Amino acid sequence: MFLHQRRARLAVASAAVTVLALTAACSGGPGDEENTSGEPGGAITVLTWRTDLIEDGTFDGYVEQFKAAYPDVTDVKIEGLTDYEGEVRTRMSTTNYGDVLAIPGSVTPDQLGDFFEPLGDQAELAEQYRWINDKSFEGTSYGIPVVGNVQGYVYNKRVWEAAGVTEFPDTPEAFLDALQAIADDGIEVAPLYTNYKDAWPLSQWDGWLGAVTADPDWKNEVVESDEPWADGTDYGVVDGLVYDAVARGLTEADPTTTNWEESKRLLGTGQVATMVLGSWAIPQMQAAAQAAGEDPADIAYAPTPVTVDGSFHSVAGGDYNLGINVSSRNKVTARAWIDWFNHESGFSQAQAGLSPLVDGDIPDALADFVDEVELLTLNPAPDGKEALFGDIDTASGIVTTDPKFRQQSIDDARSGARTKQQVFDDLNTAWAKGRAEVGA
Amino acid sequence: MIRTLTTTGKYVTLVVASIAMLLPIVLIVFGSLKTGQEFLATNPFTPPESLANVSNYATAFTRGGMLRGFANTVLIFAAAIAGTILIGAATAYALDRFRFLGRSAVLGLFLLATLVPGVTTQVATFQIINGLGLYNSRWALILLFMGTDIISIYIFLQFVRAIPRSLDEAAMIEGAGHLRIFLQIILPNLKPAIATVVIIKGIGIYNEFFLPFLYLPDPDLRPISTALFAFKGPFGSQWEIISAGVVITIVPILVLFLFLQRYIYNGFTSGATK
Amino acid sequence: MTTAPTGLHGPSPVDAPPPAAPAPGGAGRGRGRRRQLTPYLFLVVPVALLVLLTYVPVANMFWYSVTDWDGLDRTKNFVGLDNYVEIFTDPQNVRVFYVSLYYFAGSFVQMALALYFATLLSFDVRFKNLWKGILFFPYLINGVAIGLIFLNFLKPGGGLDTVLLSVGLDSLVHQWTGDPAIANFSLAAVSVWRYMGLNFVMFLGAIQSINSEVYEAAEIDGASRWHEFWHIILPSIRPVVGLSFILAISGALSVFEIPYVMTGGGNGTETFVIRTIWMAFNRNVVGLASAMAVVLLAVVLLVTWVQRRVVPDEEVDLT
C-alpha cells in the first residue's frame, strides 16, 4: 500500500512540477535577452492602438516586410490595446510596456524621460520629421509621429445634402442649426454621435482646441487664465457645443449603449450624420461604408465650424508618436522598427494622413481640404513651462486628457442637473484652484 | 381552498423566478446562432433560422482567442490548485496537530485576513507584485490565488480535525516523521476536502476577472474572463459573435454543474459554516 | 519570490517521496528539536504568503494614503490627512458611496428572495432539484459573461423591452442603462440576479440541517407555517444569515465587474472600486486611491463589528 501511494504521489508531483515549469517557460516577457549587438535582431514587442489593423491582417503584412528587411529579427509581436490610453497607463506603472509603443496623451513632457528612450536631438530630428515638438523636452525628442492629422469632423455628405446643408457651417450656432436640419429631415439614430460609452472618442474634440481661436499659442495662454471655459474661448466653444448638442437632443438617445465599431457602420449607412474625429478616421469610415454596401464617397471631412478672419482653420499635428520603452532590452531593433515604419511602411499613405516626413506628400483625400482650410501647427511651451499645463490639469482634478469630465458634461446636459454655465463655472473654479496650487 | 391557492402560488413564484433566471441566457443562446444580418433584423425572441449555425462559434474560438483563454485558465488553475492544496493542508496540519507558541496568533492572523476584501488592497498589492517582477506573468495570478485564499484553509482545518489522531500515532510508532505522516496519512484522508476545494476554487478562478484584468494584460497569456472582455473591442458591433463567446464561456461550468451538483452545493455550504 | 522553503514541506513536491527505509524523513535533526520546529516549518510558506499578499499591502495602503505618491516617483511626500479630506469633499468621490447604497439595498432584496425560496424549497415541492439548480446556476456564471448577457437583455429594443411591449406595458419601457435615474437600479438588479443563488443555497443548507423533530413538535402544537418560519427557522439559521449579511455589505461596496463591463462606470454608475482603480492607474494618484481603499476597509470592518455584536454567531471551534 505504501509503495502504491508513493508512486501516485510521485506521479502527481511530477505532473505539478511540469505544469509549473511550463507556466514559467511560457510567461516570457518581451525581448527576454538583451540585445547588445548594436544591430537589429532578436524579438521586440510593439503596442498599438490600431486593433482594427491587427484584425484585418495589415500588421501581419508590416511584420513580414520588416523581417524581410532585417533578417536577424526573429519576431515582432504586435499587441493591440482597445482602450489604449487607459491600458497603457496602467502598464507604465511597471517596466513591462512593450519595446515600441505610442506615447499616451496623459504623459506630461517632464515625464517623457522617465518612461521613454531619447530618440535624438530635437533640432536634428526636426529637419527630418514634422511635429517633433509635441513629444520633446529640453531639446531632446522622445517620440516620432507616425502620421499627421488635420482636425475637424467627419460627416456623411449624402445625409447633409439631403437635409439641405451644402456649405460648411462657419459658426458654432450654424453647426447646431445644421444638425437640427438633419434631425428635422429625419434620421434614424442621431445627427451627431458622441461614442460616449467607449469614451476615448470624446477626447477627439480636443483636436479643435487652437483652431477655434486660430491661435497656435492657445495652450500657453490657457495656463495663464483663470477662465478657460468662457464664450468664445477654445474650451468654451468645444465643451459648449458638446453640451448644447446633447441638451438639444441632437445626439444619440442612449449614450451608454454606443459602440465604436458600430458607429463606423452607422455613419456609412447614414443612420448617423456626424462624428467629431481626426482625419485619421476617414479611411476607417470609408472601409466601413463599403463593407455595409454604401458608397465610400459619401464620407467627407469638414473643418472646425469657426471662421477667423474669414477662413476656416484646422490644427495639423502628429497622431500618436512612437517611442521606445526606456527599459526595453532591444532598443536597437525598436529604433529600426520606428524608422522603417515611418519611411518604408506606407502607413501614412494608407491612412490618408499627412506624412510625418518633412518633405512628404499630401494624400488625395485631403487635397481639397488643405486647399480650402488654413492649417496651423501649435507652438510648443516656452522653456521651463513645458510641464505647466499637465501640472495644473492634475492639480485641478479635471484631467482634461481623460474623457471622464466630458462624459459628466454630457450626463448633466441630458439630466439638466447643471446648466452649461454651471458646468463652465465649476470647471473654471477647479482650474483656478489648480493654478493656485501649482503657483502659476 | 387556501391550501390550493398557496400551493399554486408557490409554483407560480417558482416559475416566474425560473423564467427570470433563464430568459436572459436563452436570448444570448439565440443570438449566438444567428448570422450578423439576422441579429440586426430580428427581434431577440425570434429563434434563429438555423440551429446549426456554428460560424459564430468558430470565429469566437479562432479570432477571439477563446481556445488560448481556456488553455491559460487551465494552466493557472492547475498550478494554483496544487499550491493551494499543499499550503492549505500544511496549515491545517500544523494548526490542528501541534500546540506551539504563536498558534493562536497565527489563527488570529488568518481570521483577521478574512475581513479584508481583496479588492481594497489591490492598489498596494500591485506594487508588491510589480516589485517581485511578476507583472504581466501568470505567476502573479498563481501567487495571488494561492496566497489569499482563507476559505480553503478553513475547509481543510475542519476536515483535518476529523482525521483520528490514532492514525498519526500508529505511523509514529512505525518510525515515520512528520513529513511522512503529512504526505501519507493526512493528505490522502483529506480527499473530500480536496475535492471541495478543487471545485470551489476552480469555479472562483474560472470566473475571476479583476485580477487578470489588472495583472495580466498580455493577449497571449489571457485567461478566459479577460479574453471574453476583450471581445468587446474588435467585435463590438458583432453581437452574434460576442454571444457565441458568452455561450462558450458558460458551457464548461454548466457541464460541471450538471455532473457535480452535489459536491458544488456541499462546497458552498461548508465554506459558509466557517 | 516567496521565502525559500526548507526541504520539509511546501510547494516543492520534488522533495516529497520519502526514502524507502523507515528512517525519519526530513532534515534529520534531533527528534526533540524537530518536533518543536515542525509546525513552524509547515507554516512558513502559508504565513509568508498571507503576510506578503494581505498584511503588507494593507500596511502599505495606510502609508500611501497619507502621501501624494503617484506610483512612479521615487519620493513620496507626506501630506497628512489631505487625501481623506479630498475624498469627503470632492462630490465625485462622495458620489460613489451613494452608488453603493443601491447595491446595499439590493442585497436586502437578494437575501429576502433567497430566504423565501430556501424556505419554500425546504418543504414538499415537486421537482425540487430542478428549481434549486435553476435558481443557483446564475451564481456560477462568469461576471463578464453576465455583464454581456444583460447588456444584450437591457439594451433599447432588447429582451426586456420586448417582453414589456408584448404584454402591453409600453409605459414601463425605459432606457435601462441610459436613464441616469434608473441606471443604478438596473445594475443593482443584475447583481441581485447574480448572487441570489449563493444566499439561497446557503440558507437552504442551513434550514435543512434543522432537526425535523422540531417541526413535528411544532405541528403537534398547531403552529402555522408562518409561525414555523418565524420561530423555528429564523433563529436556527441566524449565524448563516449574519454571515450572508456581512458578505452582502462587503460585496455591495466592492462591486466592480458588473458596472465595469456594462457601463464602464459612466452615467453615474461609477462604484467605489471602479473609481479607486481609475485613480490609481489612470490618474496615477496612488495616495488618494489608497485613502479611498482605507475608507472602504474601515467601513467593512465597522459593519462586521456591528454585525458580530447584533447577531453573534457561534465561532467554529478551532482551538
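Derivation of every value follows stated rules applied to the coordinates shown; laboratory data play no part. This structure is a prediction, so every number in the text was calculated from the model and none was measured. As a convention, Cβ positions derive from the backbone with ideal geometry for all residues, glycine included, and neighbour counts pool all protein chains shown.
Candidates A:Gly186, A:Leu376, C:Val45 compared by Cα position along the dipole of the protein assembly as shown: farthest toward the positive end lies C:Val45, with charges placed on Cβ. Note on the protein assembly as shown: antiparallel DSSP beta bridges, both residues inside, total approximately 65 percent of the bridges counted.
Could you tell me whether region C:89-177 comes out rounded, prolate or oblate from its Cα gyration tensor? Rule is a ≥ b ≥ c as square roots of the eigenvalues, rounded for a/c under 1.5, then prolate if a/b exceeds b/c, otherwise oblate. Intermediate results must be reported in sequence, preceding the final value.
Values: a/c = 2.00, a/b = 1.29, b/c = 1.56.
Oblate shape, in that a/c is at least 1.5 and b/c is the bigger or equal ratio.
What is the log10 of I(q)/I(0) for region B:174-274, computed with the Debye formula using one identical point scatterer on each Cα and no solvent, at q = 0.19, 0.21 Å⁻¹? Here the Debye-derived log intensity ratios amount to -1.00, -1.08.
Give me the net charge for the shell around A:Asn379: Cβ to Cβ below 13 angstrom, other residues only, Lys and Arg +1, Asp and Glu -1. Local charge sum for A:Asn379: -4.
For region B:58-272, what is the convex hull volume of its Cα atoms per residue in Å³? Before the final figure, lay out each step's value.
On the way: hull volume 32.0 nm³, N = 215.
Cα convex hull per residue, to the nearest whole number: 149 Å³.
Shape summary: region B:2-53 maps onto an equivalent ellipsoid whose semi-axes, from the alpha-carbon gyration tensor, are 35, 9, 8 Å in decreasing order. The distance separating the Cα centre of region B:99-131 from that of region C:206-272 comes to 27 Å.
Between A:Asp295 and B:Ser50, the FRET efficiency from the beta-carbon distance, with R0 = 45 Å, is close to 0.90. For chain B, the relative contact order comes to 33 percent (Cα pairs under 8 Å, sequence separation of at least 6). Straight-line cross-link reach from B:Lys201 at under 25 Å between alpha-carbon atoms covers these lysines, not counting any fewer than eight positions away in the same chain: B:Lys191, B:Lys274, C:Lys132.
Once you have a ≥ b ≥ c as the square roots of the Cα gyration tensor eigenvalues for region C:82-310, tell me rounded if a/c is under 1.5, and otherwise prolate or oblate according to whether a/b is larger than b/c. Intermediate results must be reported in sequence, preceding the final value.
Values: a/c = 2.64, a/b = 1.43, b/c = 1.84.
Oblate, because a/c is 1.5 or more while a/b does not exceed b/c.
Over region B:123-214, Cα pairs under 8 Å with separation of 6+ residues give a relative contact order of 33 percent.
Averaged over A:85-92, how many beta carbons belonging to a partner chain fall within 10 Å of each residue's beta carbon?
Numbers: counts 1, 5, 4, 1, 5, 12, 5, 4.
What the average comes to for A:85-92 is 5.
The packing ranking, built from the mean of other Cβ atoms within 10 Å per residue, places the peptides B:16-26, A:152-162 in the order A:152-162, B:16-26, highest first. Exposure here means at most 13 other Cβ atoms within 10 Å; with GluC sites (Glu not before Pro) in a DSSP loop as sites, the longest stretch of chain B lacking them is B:50-173.
Annotation: lysines with alpha-carbon distance below 24 angstrom to C:Lys128 (same-chain offsets under eight excluded): B:Lys10. Here the dipole of the protein assembly as shown is about 7660 debye; that uses its Cα centre as origin and unit charges on the Cβ of Lys and Arg (positive) and Asp and Glu (negative).
Given Cβ point charges of +1 (Lys, Arg) and -1 (Asp, Glu) and nothing else, what value in debye, to the nearest 20, does the dipole of region B:58-272 about its Cα centre take?
On the way: 14 positive and 9 negative charges, 31 e Å.
The calculated dipole for region B:58-272 is roughly 140 debye.
Farthest towards the positive end of the charge dipole of the protein assembly as shown, among the residues A:Val147, C:Thr54, A:Phe137, is the Cα of C:Thr54, using unit charges on the Cβ of Lys, Arg, Asp and Glu.
Given the protein assembly as shown reduced to its alpha-carbon atoms as identical point scatterers, what log10 I(q)/I(0) does the Debye formula return at q = 0.05, 0.06, 0.07, 0.08 Å⁻¹? Values, matching the q order: -0.35, -0.50, -0.68, -0.88.
What does a probe at A:Thr307 reach in region A:212-244, counting residues whose amide N is under 17 Å from the point 7 Å along Cα→Cβ? Backbone N within reach: A:212-214.
For C:Phe108, C:Phe281, which order do you get if you count the other beta carbons within 10 Å of each Cβ and list the fewest first? Present the calculation step by step, with values, prior to reporting the outcome.
Working: C:Phe108 13, C:Phe281 23.
Lowest to highest Cβ neighbour count: C:Phe108, C:Phe281.
In this label model, C:Val56 and B:Gln261 are separated by 4.6 nm, measuring between points 7 Å along each Cα→Cβ vector. Per residue of B:103-116, other chain Cβ atoms within 10 Å of the residue Cβ number 4 on average.
Taking the 0 to 90 degree range and rounding to the nearest ten, how far is the long axis of helix A:58-69 tilted relative to the main principal axis of chain A, both from C-alpha atoms? The answer is roughly 50 degrees. Within the shell of other residues whose beta carbon sits under 14 angstrom from the beta carbon of A:Ile299, the net charge comes to -2, with Lys and Arg scored +1 and Asp and Glu -1. Computed over chain A, the per-residue total of -39500 (n - 2.57) for DSSP H runs of n ≥ 4 gives a 222 nm mean residue ellipticity of -12500 deg cm²/dmol, rounded to 500. Taken about its Cα centre, region C:82-310 carries a charge dipole of about 320 debye when Lys and Arg each add +1 at the Cβ and Asp and Glu each add -1 at the Cβ. Taking other C-beta atoms within 10 angstrom as a stand-in for reagent exposure, C:Phe123, A:Phe168, B:Phe100 fall in the order C:Phe123, B:Phe100, A:Phe168, fewest first. Between region A:176-232 and region B:1-67, what is the C-alpha centre distance in whole Å? Each part reduced to its Cα centre gives a spacing of 42 Å. Between C:Leu234 and A:Asp110, the simple label model (points 7 Å from Cα in the Cβ direction) yields a spacing of 6.2 nm.
Listed here are the pairs A:Lys77/A:Lys135; A:Lys197/C:Lys155; A:Lys67/B:Lys232; A:Lys135/A:Lys433; A:Lys67/A:Lys135; which of them are more than 22 Å apart at the Cα? Walk me through the numbers on the way to the answer.
Values: A:Lys77/A:Lys135 25 Å; A:Lys197/C:Lys155 13 Å; A:Lys67/B:Lys232 31 Å; A:Lys135/A:Lys433 27 Å; A:Lys67/A:Lys135 28 Å.
A:Lys77/A:Lys135; A:Lys67/B:Lys232; A:Lys135/A:Lys433; A:Lys67/A:Lys135, as the Cα separations exceed 22 Å there.
Quick check on region A:354-432: take the gyration tensor over C-alpha atoms, sort the square-rooted eigenvalues as a ≥ b ≥ c, and tell me if it's rounded (a/c under 1.5), prolate or oblate. Taking the square roots of the gyration eigenvalues as a ≥ b ≥ c, region A:354-432 is oblate. Mean partner shielding of peptide C:255-268, defined as the number of other chain Cβ atoms within 10 Å of each residue Cβ, is 5. Normalised by the number of residues in region C:82-310, the mean separation of alpha-carbon contacts (under 8 Å, six or more apart) gives a relative contact order of 31 percent.
Solvent-free Debye calculation, one equal scatterer per alpha-carbon of region A:53-206: log10 I(q)/I(0) at 0.16 Å⁻¹ equals -1.08. Compared with the dominant Cα axis of chain A, that is its longest principal axis, helix A:404-415 is turned about 50°. Label 7 Å along Cα→Cβ of A:Glu372; region A:163-205 residues with amide nitrogen under 12 Å? Correct set: A:166-170.
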